[in-house]
1. Considering region 161-184 alone, what residues qualify as being β-branched (Val, Ile, Thr) and in a strand (DSSP E or B)?
2. Give me the pairs: first residue in region 67-81 and free of Cβ contacts under 8 Å to residues at least 12 places away in the same chain, second residue of a type outside the set (S, T, N, Q) and part of a helix (DSSP H, G or I), beta-carbon distance under 6 Å, and six or more apart or on different chains, which are they?
3. Out of region 108-160, which residues are assigned to a loop (DSSP other than H, G, I, E, B), under 30 Å from residue 53 (Cβ atoms) and touching a strand residue (DSSP E or B) at 6+ places or on another chain (Cβ under 9 Å)?
4. Going through 53, 48 one at a time, which residue ends up being closer than 30 Å to residue 178 by Cα and either open to solvent by 80 Å² or more (accessible area, probe 1.4 Å) or modelled with pLDDT under 85 (or both)?
5. Any residue in region 97-117 that is over 15 Å from residue 137 (Cα atoms) sitting within a Cβ distance under 8 Å of a residue that is among the aromatic types (Phe, Trp, Tyr) and at pLDDT 60 or above? List the pairs, counting only those 6 or more apart or interchain.
6. Give region 58-77 a look and list any residue that's open to solvent by 60 Å² or more (accessible area, probe 1.4 Å) and among the hydrophobic types (A, V, I, L, M, F, W, C), or say none.
7. Of the residues that sit in region 128-184 and are loosely packed, with under 14 Cβ neighbours inside 10 Å and in contact with a Cys (Cβ under 8 Å, 6 or more places away or on another chain), which one is nearest to residue 69 (Cα to Cα)?
Amino acid sequence: MRRTMGMLALLAAGLSACNDKPGDKAGDIAATDAMSKQAVKEQVDKVQLKPGQWEGRFTVQDIDMPQAPAGVEEHMKSLMNQSAYKYCITPEQAANPSGEMFAGQENKDCTYGGFEAKAGKVKGQVSCKAQNGVMNAAMSGTYAPENFTMDMDMKMEGGAQGMTMAMTARSEGKWIGPDCAEQH
């Protein structure tokens, strides 16, 4: 879970500008823009992180749930925000980042577009179909061997009882040392 959160954090990211509402940048990926699993993996593999102990943080910046009862948005925000958490990136994980996570590992209902990692920047889009709806996300951020910052703009439509949700979030991580603390 922590490894997945860390890698999601690395590849998740928002394009949150001051006047934009959550979900404004999370558009559909046109069929002509869709990328193959291999093309996405090749981009994600360019992201090189130092192996060892990392500390991360995930923060929901804004959330919009128009059909939700009063107080639900703030409750969701508090549940999803995390204070600092620690995780380990093994030498094997550092040498071969988990590109499969965004390359449709087990979800044939996702499409990917615009994934690119170069010159310390990463960006991309993902669109996944679920039971009753679709989730679209646009991601961008920066990475270096010892740190990353990612922003995400996500919109889910057609959820339970036709509910929609949009949010912007930020994920940050920093390398804190070569030796991993024992995980419990």
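1. If we filter region 161-184 for residues that are β-branched (Val, Ile, Thr), which is where we start, we get 164, 168, 176.
Residues satisfying the conditions are 168, 176.
2. If the second residue must be of a type outside the set (S, T, N, Q) and part of a helix (DSSP H, G or I), no pairs are left.
3. Looking only at region 108-160, we keep the residues that are assigned to a loop (DSSP other than H, G, I, E, B), and these are 108-109, 119-120, 130-133, 145-146, 158-159.
Restricting the remaining residues to those that are under 30 Å from residue 53 (Cβ atoms) gives 119-120, 145-146.
Selection gives 120, 145, 146.
4. On the way: 53 fails: either open to solvent by 80 Å² or more (accessible area, probe 1.4 Å) or modelled with pLDDT under 85 (or both).
Of the residues listed, the single one that is closer than 30 Å to residue 178 by Cα and either open to solvent by 80 Å² or more (accessible area, probe 1.4 Å) or modelled with pLDDT under 85 (or both) is 48.
5. 117/143
6. Residue satisfying the conditions is 70 alone.
7. Ranking the candidates gives 183 first.
The values are calculated or read from the model by the stated rules, or taken from the named source; none is laboratory data. Here the structure is a predicted model, which is why all the values come from computation and not from measurement. FYI the Cβ positions are ideal-geometry reconstructions off the backbone, even for glycines, and counts take in every protein chain you see. When the accessible area is computed, the model is the full protein with side chains, heavy atoms only, and any ligands, DNA or RNA have been set aside. Shrake-Rupley method; radii C 1.70, N 1.55, O 1.52, S 1.80 Å.
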